[in-house]
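Student: Before I ask anything, here is the structure I am working with.
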Amino acid sequence: MFGFGQMINILKKNPKKIVFTEGNDPRILEAASRLLASYFLNPILVGDEDEIIAAAEECGYNIRGAEIIDPEKYKDMDAMVDMFCELRKSKGVTPEEARKILSQTNYFGAMLVKMGQADALLGGATYSTADTVRPALQLIKTKPGNSIVCSCFILVRPSATGDNEVLAMGDCAINIKPTEDQLVEIAGETAECAKIFGIDPQIAFLSYSTFGSGEGEDVDKMRNAAQKAKEKYPDLPIEGELQFDAAVSVRVARTKCPESKVAGHANTFIFPDISAGNIGYKIAQRLGHFEAYGPILLGLNAPINDLSRGCTGSEVYSMAIITAALAENK
């Protein structure tokens, strides 16, 4: 089952480079100092070098050995501008406009990944989710066959026996009202992410109805999406539409849907919209005492992840490991 120890052991064999777009933020510096002390992940801190070093010294963090890149002094800026203009040629971006945009660390960091100077990116300590996702969509772009970027949360409830309970929930952060086809894509991406964390995905498309017990457009949407997902991913155990109790309780499942092999055993949950997803994972986090990791962005050509602006240094550290693990899996 899930554990950071397993991820770290894998990363030690092939350390990844990860860009932090807010290099002088104390929480980023705390995480970077921990990563540098462990030799399994190489942080790249974007920003003014003097400011970053001064901030680290003020907070008492040792970032010796970190790669610091200042967009204003980047030696390969001309090549980056050329590539940026090519990527954004449909918008008619001029070199002058490109240089101005690339002075923003979120765009500069995304281009470092695009150019192969880094394997992954973690931002959002001060940027909004939109400001982290927008450069990724414009420059990194979605994987072939994918039409959207989506997200999932991994929820972990530690057990006294050491056998943690681990769940996956999508999409709780990006797509406001996904269509049937988008829900199918979300399910596939969430299942693949779940596997990285040791989950053998049992996928439930959630609703306020179980197998027609309720009616409405949202019920139809989840039922149809579940059927399409079964057809697209025949090797994945998928069921829907299911109410949450039928999805997780064997007793309830015996009553409501006794023929279902997923009902009562689901561990990967697909929500009908962002409201349900966001509320659902936070209930699990606050009342169910799960630790929530995410949002983990899915569907891009490279791992780009978004932090909460209220994150702690410890959360940055954890998300850095997760982001690097996604790069290793890719």
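Student: Per q in 0.22 1/Å, what log10 I(q)/I(0) does a Debye calculation on the alpha-carbon atoms of the range 11-58 return?
Tutor: -0.72
Student: Output wanted: per-residue J couplings in Hz (rounded whole) for the range 135-143, from phi through Karplus 6.51 cos²θ - 1.76 cosθ + 1.60, θ = phi - 60°, x for Gly and Pro.
Tutor: Couplings: x, 5, 5, 6, 10, 7, 6, 7, 5 Hz.
Student: Subtracting the Cα-Cα distance from 0.36 nm times the residue separation, let me have the gained length for Asn62 to Met115 in nm, one decimal.
Tutor: 16.3 nm
Student: Considering only protein heavy atoms, what per residue accessible area in square angstrom results for the range 150-291 with a 1.4 angstrom probe?
Tutor: In whole numbers, the range 150-291 has 46 Å² accessible per residue.
Student: Out of Val149, Val93, Val316, any idea which swings most in a Gaussian network model of the chain, alpha carbons joined below 10 Å?
Tutor: It is Val93.
Student: In addition: Leaving out ligands, DNA and RNA, what percent of the accessible area of the chain is carbon and sulfur, probe 1.4 Å?
Tutor: So the carbon and sulfur contribution to the accessible surface is 48 percent.
Student: Given Cα pairs under 8 Å that are at least 6 residues apart, what percent is the relative contact order of the range 157-223?
Tutor: Relative CO of the range 157-223 lands at 25 percent.
Student: Right, something else. How charged is the neighbourhood of Ala125? Take every other residue with its Cβ under 13 Å from the Cβ of Ala125, and add Lys/Arg as +1 and Asp/Glu as -1.
Tutor: Charge balance near Ala125 sits at -4.
Student: Quote the Stokes-Einstein diffusion coefficient, in whole µm² s⁻¹, for the chain, based on the Kirkwood radius over alpha carbon pairs, a temperature of 37 °C and a viscosity of 0.692 mPa s.
Tutor: 158 µm²/s
Student: In deg cm²/dmol and to the nearest 500, what is the mean residue ellipticity at 222 nm of the chain if only DSSP H runs of at least 4 residues count, each as -39500 (n - 2.57), divided by the residue total?
Tutor: -13000 deg cm²/dmol
Student: Still on this structure, I have one more. Provide the FRET efficiency to the nearest 0.05 for the Lys141-Glu72 pair, computing r from the beta carbons and using R0 = 22 Å.
Tutor: 0.25
Student: Taking only Cα atoms and a 10 Å spring cutoff, compute GNM fluctuations for the chain and point out the largest among Gly240, Gly123, Gly92.
Tutor: Gly92
Student: Among the trypsin sites (Lys or Arg not before Pro) in the range 34-116, which ones are in a DSSP loop with at most 14 other Cβ atoms within 10 Å of the Cβ? Mind listing them?
Tutor: Those that pass, being in a loop and sparsely packed, are Arg64, Lys75.
Student: While we're on this one: Percent relative contact order of the chain, based on C-alpha pairs within less than 8 angstrom and at least six residues apart?
Tutor: 23 percent
Student: Within the range 152-246, list the GluC sites (Glu not before Pro) lying in a DSSP loop whose Cβ has at most 11 other Cβ atoms in a 10 Å radius.
Tutor: Glu215
Student: Quick one: divide the alpha-carbon radius of gyration of the range 78-134 by 2.2 N^0.38 Å and tell me what you get.
Tutor: Relative to the rule-of-thumb radius for its length, the range 78-134 sits at 1.12.
Student: Would you look at the GNM of the chain, springs on alpha carbons closer than 10 Å, and say which of Thr105, Thr94, Thr161 moves the most?
Tutor: Looking only at Thr105, Thr94, Thr161, the biggest GNM fluctuation is shown by Thr161.
Student: Quick check: residue separation of Ser308 and Ile283 times 0.36 nm, minus the Cα distance between them. What number comes out in nm?
Tutor: Difference between extended and current length: 7.3 nm.
Student: Please compute the net charge surrounding Phe244, taking Lys and Arg as +1 and Asp and Glu as -1 over other residues with Cβ under 15 Å from its Cβ.
Tutor: -2
Student: Which FRET efficiency value, to the nearest 0.05, do you get for Ala79 and Asp48 by plugging their Cβ-Cβ distance into 1/(1 + (r/R0)^6) with R0 = 25 Å?
Tutor: 0.70
Student: Further question on the same structure: Using the Cβ atoms and a cut-off under 11 Å, what net charge is assigned to the surroundings of Asp181, where Lys and Arg are +1 and Asp and Glu are -1?
Tutor: Its environment carries a net charge of +1.
Student: Okay, moving on. Average projected area of the Cα convex hull of the range 177-330, in nm²?
Tutor: 9.6 nm²
Student: Ok, one more. Compute the FRET efficiency between Glu97 and Ile8 as 1/(1 + (r/R0)^6), taking r as their Cβ-Cβ distance and R0 = 56 Å, and round to the nearest 0.05.
Tutor: According to the calculation, E is roughly 0.85.
Student: Picking from Gly145, Ala160, Tyr208, whose Cα lies most toward the positive end of the charge dipole for the range 100-218 (charges on Cβ: Lys, Arg +1; Asp, Glu -1)?
Tutor: With unit charges placed on the Cβ atoms, the residue in question is Gly145.
Student: Quick check on the chain: of the DSSP beta bridges with both residues there, what percent are antiparallel, nearest 5%?
Tutor: Counting only bridges with both partners in the chain, antiparallel ones make up about 35 percent.
Student: Just to confirm the filter: which trypsin sites (Lys or Arg not before Pro) across the range 194-279 are DSSP coil and have at most 15 other Cβ within 10 angstrom of their Cβ?
Tutor: Of the trypsin sites (Lys or Arg not before Pro), the ones in loops of the range 194-279 whose Cβ has at most 15 other Cβ atoms within 10 Å are Lys261.
Student: Positive end of the dipole of the chain, charges at C-beta (+1 Lys, Arg; -1 Asp, Glu), about the Cα centre: which of Ile63, Asn14, Gly47 has its Cα farthest in that direction?
Tutor: Asn14
The values are calculated or read from the model by the stated rules, or taken from the named source; none is laboratory data. Treat the numbers as computed from the prediction; the structure is a model and nothing was measured. As a convention, Cβ positions derive from the backbone with ideal geometry for all residues, glycine included, and neighbour counts pool all protein chains shown. Keep in mind that these areas ignore ligands, DNA and RNA; they rest on the heavy atoms of the full protein, side chains included. Shrake-Rupley method; radii C 1.70, N 1.55, O 1.52, S 1.80 Å.
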